[in-house]
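The values are calculated or read from the model by the stated rules, or taken from the named source; none is laboratory data. For clarity, every value in this text was computed on a predicted model and none was experimentally measured. Neighbour counts are summed over all protein chains in view; Cβ atoms, including those assigned to glycine, are modelled from backbone coordinates with ideal geometry.
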Amino acid sequence: MPLNNSIIQVKDLSYKYESDIVLEHINLTVDKGSFLGIVGPNGSGKSTLLKLLLGLIKIQQGEIRLFETDIKQFKDWDKIGYVSQKANSFNSGFPATVYEVVASGLTKKLGLFKFQTKQHKEKILDALESVGMISFWNRNIGELSGGQQQRVFIARALVSDPELLILDEPTVGVDAQNVKQFYTMLEDLNHTLGITLLLVTHDIGSVSEKVTHVACLNKHMHFHGNTKEYIKYHYID
């Protein structure tokens with residue numbers, strides 16, 4: 001595929017904490033419009049890879065390019081939305097409505113003391129609609145289930161119109177009954193809005209029908225390809 005179709009390019013990336021090597025010679029490409037699931041056991045380097053992609057820690061060896069720009073020169077962080085495992089540890093007593101939580105995603109663009117315009121309010125409601133939470137707009141965030149809260153945090157990330165959405169174990173705190181619906185919602189975001197998704201998960205079995213590509217990480221990149229190739233690799237292996 002042409003270079004301009006790639007949103008993320010990782011080349012020969014290695015990282016260690018003191019003498020402990022956590023990533024070794026990682027190569028990874030994420031193309032525009034794809035839905036990549038990254039799977040690996042605890043301690044496999046998934047969290048470190050996310051921190052490197054988000055610019056939270058500096059590269060030691062190798063290269064990362066975001067939207068065709070070396071991460072060392074990359075400035076357009078608004079193009080990237082990030083959703084962490086918030087639903088598992090969120091303070092249920094936090095005094096904010098669903099609408100207010102999503103609106104906080106516009107703080108960087110608006111500044112702390114600027115008023116929302118009609119257009120901003122429409123964007124907030126559109127983001128809630130896209131994750132199926134529009135009817136909860138006036139509810140307190142602490143009243144929602146873990147899965148509902150995580151949908152709200154995704155809406156918060158979407159409100160700034162990212163081209164890439166990175167999700168770190170988003171089904172932590174989501175009951176098993178709602179996991180399938182949650183992954184279907186992510187698939188809809190990928191198909192309907194055309195957002196490129198990068199999902200870190202332990203639950204690749206449940207999401208394998210939804211993602212377009214899979215990466216198996218455990219210090220090394222053991223597999224990286226489309227879903228059909230992964231199914232062959234998984235069963236042959």
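Numbers at a glance
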item	result
Residue pairs meeting the criteria (Cβ under 8 Å; at least 6 apart or on separate chains; first closer than 12 Å to ASN42 by Cα and surrounded by 18 or more Cβ atoms within 10 Å (Cβ to Cβ), in region 200-219; second modelled with pLDDT under 90 and β-branched (Val, Ile, Thr))	THR201/THR171; THR201/VAL207
Single residue of region 40-69 satisfying the filter (among the aliphatic types (A, V, I, L, M) and out of contact with any helix residue (DSSP H, G or I) (no Cβ under 9 Å at 6 or more places or on another chain)) that is surrounded by the fewest Cβ atoms within 10 Å (Cβ to Cβ)	LEU50
Those helices (runs of 4 or more DSSP H) lying entirely in region 173-237 with at least 2 residues among the basic types (Lys, Arg)	227-236
Filtered residue count, region 18-38, keeping only those that are more than 17 Å from ILE8 (Cβ to Cβ) and either free of Cβ contacts under 8 Å to residues at least 40 places away in the same chain or under 16 Å from the mean Cα position of the chain (by Cα) (or both)	3
Residue match in region 173-196 (condition: aliphatic (A, V, I, L, M), in contact with a Gly (Cβ under 6 Å, 6 or more places away or on another chain), farther than 19 Å from GLY147 by Cα and at pLDDT 80 or above)	no
One residue from ASN226, ASN218 being in contact with a Gly (Cβ under 6 Å, 6 or more places away or on another chain) and closer than 15 Å to ILE38 by Cα	ASN218
Matching residues in region 114-140 - criterion: being of a type in the set (S, T, N, Q), touching a residue at least 40 places away in the same chain (Cβ under 8 Å) and either over 19 Å from LEU189 (Cβ atoms) or surrounded by fewer than 16 Cβ atoms within 10 Å (Cβ to Cβ) (or both)	ASN138, ASN140
Extreme residue, modelled with the lowest pLDDT, among residues of region 114-129 that are of a type in the set (Lys, Arg) and in a helix (DSSP H, G or I)	LYS118
